[in-house]
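Participant: Please see the structure below; I have some questions.
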Amino acid sequence: MTAGEANQLISVHPNDLKFIFELEKQSFCDLKMVNNTEHHVAFKVKTTSPKKYFVRPNTGVIQPWDSCVIRVTLQAQREYPPVMQCKDKFLLQSTIVPPNTDVDDLPADTFNKESAKEIEECKLKVFYISPSAQGNSEDEGLKSSTEQSPDSNSAVQQLKDERDAAVRQTLQLQQELDFLKRRRQRRSDSGGFSFTFASFVGLIGIMVGFLLNLSLSSPSTE
């Protein structure tokens with residue numbers, strides 16, 4: 001909101017009306033009106049060509065710091081205007097009203113300049129846009145996004161490569177960890193087998209020695 005808008009009862013966005021003009025077709029433009037005050041503000045929309053345009057709502061009351069949207073519809077036209085230029089204009093009138101005032105309760109002279117009320121006015125110009133100009137604008141936007149796509153694709157590809165490298169590194173680390181586990185297991189199994197074999201050999205030696213001692217100590221039968 002600019003400084004100029006802050007001093008107004010109502011600010012309008014956009015500040016002009018643009019219609020895509022096609023023969024035998026309606027076109028519309030939405031206007032957002034914002035109440036910049038702590039008061040209830042009534043508004044009324046007028047046009048120099050009331051038969052060409054349909055405004056809803058054309059009158060209303062906006063609560064403090066609130067907003068509303070009005071739609072201006074251009075009726076279907078049978079011929080093009082000269083050089084696609086439009087001389088139509090709109091006038092937005094606004095004034096402060098008592099709190100909790102309903103639009104149906106507005107007096108008939110609410111927007112009468114001769115009354116003692118202070119009435120603000122804002123003029124809006126009308127512009128017609130040909131469908132081809134609208135199409136060219138869209139094509140330029142598409143072209144711009146297309147021109148930027150190689151960089152986007154390159155960035156996406158780089159992210160994919162980094163992800164694949166991280167996955168490969170993770171798998172390699174997992175394989176090395178499995179190898180170390182198997183190696184440790186083999187060493188453990190090998191140590192267990194040597195101890196068992198040594199115990200078995202020692203047991204046999206004890207038994208052989210016992211048998212030899214027994215045979216040597218037995219009396220002769222001669």
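The values are calculated or read from the model by the stated rules, or taken from the named source; none is laboratory data. Everything numeric here is computed off the predicted structure, so don't read it as measured data. Methodologically, a virtual Cβ is constructed for each residue, glycine included, from the backbone with ideal geometry; neighbour enumeration extends over all protein chains shown. All accessible areas refer to the heavy atoms of the entire protein, side chains included, with ligands and DNA or RNA removed. Shrake-Rupley method; radii C 1.70, N 1.55, O 1.52, S 1.80 Å.
Participant: Provide the convex hull volume over Cα atoms per residue for region 1-108, in Å³.
Facilitator: Spread over its residues, the Cα hull of region 1-108 gives 109 Å³ apiece.
Participant: Of 44/87; 32/89; 160/181; 87/117, which sit over 28 Å apart, Cα to Cα?
Facilitator: In this structure, 160/181; 87/117 exceed 28 Å between Cα atoms.
Participant: Also, quick follow-up: Each label point is 7 Å from the Cα along the Cα-to-Cβ direction; what then is the distance between the points at residue 117 and residue 87, in nm?
Facilitator: Here the answer is 3.2 nm between the modelled labels.
Participant: Round to a whole number: what % of the accessible area of region 10-130 belongs to carbon and sulfur, probe 1.4 Å?
Facilitator: In region 10-130, the share of accessible area belonging to carbon and sulfur is 50 percent.
Participant: Out of the DSSP beta bridges found with both residues in region 10-130, what percent are antiparallel (nearest 5)?
Facilitator: Roughly 85 percent of the DSSP beta bridges within region 10-130 come out antiparallel.
Participant: Ignoring ligands, DNA and RNA, what accessible area per residue does region 10-130 give at 1.4 Å, in Å²?
Facilitator: 61 Å²
Participant: Quick one: if you stick a label point 7 Å off each Cα along the C-beta vector at residue 65 and residue 20, how many nm between them?
Facilitator: Roughly 3.7 nm, to one decimal.
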